[in-house]
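Peer 1: I have a structure here, written as structure tokens, and I will follow up with some questions on it.
The values are calculated or read from the model by the stated rules, or taken from the named source; none is laboratory data. Being a predicted model, the structure only gives us computed values, none of them experimental. Neighbour counts are summed over all protein chains in view; Cβ atoms, including those assigned to glycine, are modelled from backbone coordinates with ideal geometry.
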Amino acid sequence: MFNVIKKLTSFVAMVAVLFAFTTEAMAKKSKTLKNTQKKGFVRCGVSQGLPGFSNADASGNWTGVDVDVCRAVAAAVLGDANKVKFTPLSAKERFTALTSGEIDILSRNTTWTLSRDADIGLTFVGVNFYDGQGFMVRKNSGITSVNQFKNGISACTNIGTTTELNMRDFFNSRGISYEPVAFEKADEVVAAYDAGRCDTYTTDKSGLAAQRTKMKNPDEHIVLPETISKEPLGPVVRQGDAVWEDIVRWSLNTMIEAEEYGITSSNADSMKTSDNPAIKRLVGAEGELGAAFGLDNDWSLRIIKQVGNYGESYKRNIADPGILPDRGPNQLWTKGGILYVPPAR
Amino acid sequence: MNNKIKKILPQIITVLFVLGIFGFFTFNAQINMDNRGIDFGFGFLTQESSFDVQFSLIEYSGSHSYARAYLVGLLNTLLVSFISIIFCTILGVIFGVARLSPNYLIRNSAAWYVEFFRNIPLLLQIFFWYYAALRALPVPEKAGPWFGVTYMTIKGYYIPSFIWTNLDVFLYSILAVIISIIIISTYAKKLQENEGKQTPVFFISLGLIFILPTLTFFIGGVSLDFEIPVLKQLSKTSYVFDGGIGLPPELIALVLALSLYTSTFVAECVRAGIQGIGKGQKEAAASVGLTPNQILKLVVMPQALRIIIPPTTNQYLNLTKNSSLAAAIAYPDLVLVFAGTALMQTGKAIEIVSITMLTYLSISLAIAAIMNWYNKKIEIKEK
């Protein structure tokens, strides 16, 4: 009998402790920032390998514009852009990983849509790449435009993406019957298309350009000129932690704004003596911008010095490897693109 | 009184403990979901799904509901499981019996087959059949016909589809055949029990199966047309077959992998069952003058089945659950369509995963119930 009581009390105690943990965590507003600083690294969800966006080399170093967003956050909150733990996720797993708390930032070429933003406990913090869905076909097929698609065409793609929905809208509106072949992993899609299972491969155009470099003979494939959808890609955080949301948003904005003011990783320190107050604010020489997040004043300087501005990141990851040398809409608004971020002040 | 409490108390505590754990997790999930602004509910099932599925047994398009998409996935899972269960049983029985063959070559080939296929992880076998074996197939324009009118290509196996007129008459005739075979075999059994006369039931049934449905073509107004798949050009270099029925390569690869893998386990069950019957049984049967065929049919098999059925049921259950690996090669089964695409598009993880789990549980329980019923039927009736 005594034993039973003892077991019972220990169980009650266990439950009480667990409850205490959850309620305490709920009370604090920036739980994520606290946890990150305690752990010493930023937990970042990325793709399973998309050159230019998030891709790991043979020794496990991640690079890409999506990766750089997480590195920027790490530089801001931990002082070291390398203190990031990357979790490769499939399109299917990504949101669950974020909402269940396995990762704190999802930076994985994810399209910002109303239902994702509103429905499933996510908050999109901005856009780091303006993209649109396109089609890839074999060059020798003679197809040069989506207008040449015929009934019975088979299209390889990923499951769990907006691609699947856009594809349906596209083929339906044109009255073309098609066979969707949807795989879980991008590598499997590419392998299937490359082997001839499908006549066309459809996903975001940046993805097509990146995956093309992985194919047996990249020159045998072309991306058709048409864009069938808007795909603003950007980092995502969990709903319910406004401070963390702001940190991620402004880490990204800092990179873009730094490019606008010509601040680069190499000249950032010398910019402290600039005459322009906007530049001085960005490199932490004026104002108290970091305090609003509970960070020190050099947070943005560290981002620029360690990760670089958006232009540097784009050049390093996307333009130089020859994925998409032309920045297109991902050019600053001052140079004919649509990259425009609110002022940091 | 004291004794009674001692007996019941631990049980009550266990129940409370289990309920407590469930309550704790439900409560926690509720709070976490509230915090992140996620609603719980099954209302999404009636919403328009707006995604298409490659292969479906029922009419489906993106304008149907998520509930319909669920049904599409479920039917695809049942289809692949059903076909694979039939193939794995046939192969399993053949190889199980072959392992006991007195012929050295047959016995050892069967042993190699079993050891080879059961010792390679199933997922690898699926990938092998899909990427290596099926990818070695020709593109549509280079595929030569098999059996005249079917085409095996990298885009699928194309077979003619049947176009029936008065199909119902034909189906009724088959129903009539089944009923008459049942009546004849019951009568034949009675005749044998009462008068010792043997009736060639097998040949009578065979005759019926051929004659009656054939007759409907002549007097029932039944006719059958084939729609043969035709090659169609999509672009300068790509072709596709149009018309007929196209079985996707994903389905073929999955059936191959599942039935080959599971058949090895069934083969071992069959071998164990036959070996479990004492030598004395066969000798006793032979001594009363039964032929070898009769010994197998009347003495060995009825007893062996009792040993074979329960472990084979487990293999069927495993096969059904293993069919969820389909997601790896784009076969639109329940996991890919519902727990994959639908989950992603709605974000209703808890709801969809619990529905999927319950579905697999129900399929497994249903298979187990059927097999248990069959097992009850053939087990020794103690008098």
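Peer 1: Please tell me if residue B:161 is among the polar types (S, T, N, Q) and modelled with pLDDT of 85 or more. Explain how you work it out, then say what you get.
Peer 2: Values: among the polar types (S, T, N, Q): yes; modelled with pLDDT of 85 or more: no.
Criteria not met by residue B:161.
Peer 1: Something else: Residue B:358 passes all but one of (1) crowded, with 18+ Cβ neighbours inside 10 Å; (2) of a type in the set (A, V, I, L, M); (3) under 17 Å from residue B:78 (Cα atoms); which number fails?
Peer 2: Only one criterion is unmet by residue B:358, namely (1).
Peer 1: Is it the case that the range A:118-137 has a residue that's within 30 Å of residue B:237 (Cα to Cα) and within 11 Å of another protein chain (Cβ to nearest Cβ)?
Peer 2: Applying the first criterion (within 30 Å of residue B:237 (Cα to Cα)) to the range A:118-137 yields A:131-137.
Pick out the ones that are also within 11 Å of another protein chain (Cβ to nearest Cβ) and you get A:137.
Taking every residue of the range A:118-137 in turn, at least one turns out to be within 30 Å of residue B:237 (Cα to Cα) and within 11 Å of another protein chain (Cβ to nearest Cβ).
Peer 1: Just to be sure, is residue B:53 touching a Phe, Trp or Tyr at 6+ places or on another chain (Cβ under 8 Å) and closer than 24 Å to residue B:251 by Cα? Write out each step before concluding.
Peer 2: Values: touching a Phe, Trp or Tyr at 6+ places or on another chain (Cβ under 8 Å): yes; closer than 24 Å to residue B:251 by Cα: yes.
The answer is yes for residue B:53.
Peer 1: From the list B:347, B:280, which residue is more than 21 Å from residue B:101 (Cβ to Cβ), within 14 Å of chain A (Cβ to nearest Cβ) and over 28 Å from the mean Cα position of the chain (by Cα)?
Peer 2: Working: B:280 fails: within 14 Å of chain A (Cβ to nearest Cβ).
Result of the check over B:347, B:280: B:347.
Peer 1: What's the number of the only condition in (1) crowded, with 19+ Cβ neighbours inside 10 Å; (2) within 30 Å of residue A:118 (Cβ to Cβ) that residue A:268 fails to meet?
Peer 2: (2)
Peer 1: Name every residue in the range A:288-343 that is among the β-branched types (Val, Ile, Thr) and over 21 Å from the mean Cα position of the chain (by Cα), in order of residue number. Before you say what the answer is, go through the steps one by one.
Peer 2: Going residue by residue through the range A:288-343, those that are among the β-branched types (Val, Ile, Thr) are A:303-304, A:307, A:318, A:323, A:334, A:338, A:341.
Across the range A:288-343, the qualifying residue is only A:334.
Peer 1: When the range B:85-116 is examined, which residues are found to be over 26 Å from the mean Cα position of the chain (by Cα), among the aliphatic types (A, V, I, L, M) and surrounded by 13 or more Cβ atoms within 10 Å (Cβ to Cβ)?
Peer 2: B:100, B:106
Peer 1: From the list B:241, B:265, exactly one residue is farther than 27 Å from residue A:197 by Cα and among the aromatic types (Phe, Trp, Tyr). Which is it?
Peer 2: B:265
Peer 1: Something else: When the residues of the range A:75-112 are filtered to those that are facing another protein chain (nearest Cβ under 10 Å) and of a type outside the set (A, V, I, L, M, F, W, C), which remaining residue is nearest to residue A:35 (Cα to Cα)?
Peer 2: Residues of the range A:75-112 that are facing another protein chain (nearest Cβ under 10 Å), as a first pass: A:90-96, A:98-101.
Add one more test, that the residue is of a type outside the set (A, V, I, L, M, F, W, C), and what stays is A:90, A:92-94, A:96, A:99-101.
Numbers: A:90: 25, A:92: 26, A:93: 22, A:94: 20, A:96: 19, A:99: 16, A:100: 15, A:101: 11 Å.
Restricting to residues being facing another protein chain (nearest Cβ under 10 Å) and of a type outside the set (A, V, I, L, M, F, W, C), the top hit is A:101.
Peer 1: Tell me which residues, restricted to the range A:286-345, are in contact with a Pro (Cβ under 9 Å, 6 or more places away or on another chain) and in a helix (DSSP H, G or I).
Peer 2: A:317, A:318, A:319
Peer 1: For the range B:33-72, which positions are part of a helix (DSSP H, G or I), surrounded by fewer than 19 Cβ atoms within 10 Å (Cβ to Cβ) and within 12 Å of chain A (Cβ to nearest Cβ)?
Peer 2: B:33, B:34, B:35, B:43
Yes or no, residue by residue, for (1) closer than 19 Å to residue B:134 by Cβ; (2) aromatic (Phe, Trp, Tyr); (3) within 14 Å of chain A (Cβ to nearest Cβ):
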| position | (1), (2), (3) |
| --- | --- |
| B:224 | no, no, no |
| B:231 | no, no, yes |
| B:234 | no, no, yes |
| B:241 | yes, yes, yes |
| B:248 | yes, no, yes |
| B:255 | yes, no, no |
| B:260 | yes, no, no |
| B:268 | no, no, no |
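Peer 1: If residue B:173 meets every condition in (1) in contact with a helix residue (DSSP H, G or I) (Cβ under 8 Å, 6 or more places away or on another chain); (2) among the polar types (S, T, N, Q); (3) without any contact (Cβ under 8 Å) to a residue 12 or more places away in the chain apart from one, which number is that one?
Peer 2: Failed condition: (3).
Peer 1: Tally the residues that are within 14 Å of chain B (Cβ to nearest Cβ), closer than 19 Å to residue A:295 by Cα and either buried (at least 24 other Cβ atoms within 10 Å of the Cβ) or out of contact with any strand residue (DSSP E or B) (no Cβ under 7 Å at 6 or more places or on another chain) (or both), restricting the search to the range A:222-265. Before the answer, list the steps.
Peer 2: Within the range A:222-265, the subset within 14 Å of chain B (Cβ to nearest Cβ) is A:222, A:224, A:229, A:236-242, A:244-245.
Still in the list and also closer than 19 Å to residue A:295 by Cα: A:237, A:241-242, A:244-245.
Adding the requirement that they be either buried (at least 24 other Cβ atoms within 10 Å of the Cβ) or out of contact with any strand residue (DSSP E or B) (no Cβ under 7 Å at 6 or more places or on another chain) (or both) leaves A:237, A:241-242, A:244.
The qualifying residues number 4.
Peer 1: If we scan the range A:177-185, do we find a residue that is among the aromatic types (Phe, Trp, Tyr), facing chain B (nearest Cβ under 7 Å) and within 29 Å of the chain's Cα centre (by Cα)?
Peer 2: Looking only at the range A:177-185, we keep the residues that are among the aromatic types (Phe, Trp, Tyr), and these are A:178, A:183.
Right, trim to facing chain B (nearest Cβ under 7 Å) and you get A:183.
Next, from what is left, pick out any that are within 29 Å of the chain's Cα centre (by Cα): A:183.
Within the range A:177-185 (the criterion being among the aromatic types (Phe, Trp, Tyr), facing chain B (nearest Cβ under 7 Å) and within 29 Å of the chain's Cα centre (by Cα)), the answer is yes, since at least one residue qualifies.
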